[in-house]
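Asker: Dropping the structure in here first, questions after.
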Amino acid sequence: MREEFFRAAHDIKGQAATFGYPLAAEVADSLCRLVEHAPDQQCVPPALIDQHVDGVRAIMRKDAVQPATRPRRRSRSACVRSWMNSSAREPSRRG
């Protein structure tokens, strides 16, 4: 069951942005990480999984596509990586 659920979330994560639903891809990515990295699936609250699934459904139902004219929002992790890379190249400004 876990494998099938992870595979479905992973497929949505990989294909949602291609079809113009990058927000659904982010929610599915979060669900993938939750399923993949939980040490014990019995400890994952079912309500949390339901919220992820409901979120993807709401995005699709509201047709929340990303307009081609709007620049794609970078994820927090991409912003942090970018900041870390630029900070590593700059000399320290401390004392």
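Bear in mind these aren't lab numbers, they're just calculated from the coordinates by the rules spelled out. None of these values were measured; they are calculated from a predicted model. Positions of Cβ are backbone-derived with ideal geometry, glycine not excepted, and every protein chain shown enters the neighbour counts.
Asker: Quote to one decimal, in nm, the extra length available between Met60 and Ala8 on full extension: 0.36 nm per residue of separation minus the C-alpha distance between them.
Answerer: In short, 17.2 nm is gained.
Asker: Moving on. Using a 10 Å cut-off on Cβ atoms, rank the peptides 41-49, 28-36, 55-63, 14-22 from the highest mean neighbour count down.
Answerer: 28-36, 14-22, 55-63, 41-49
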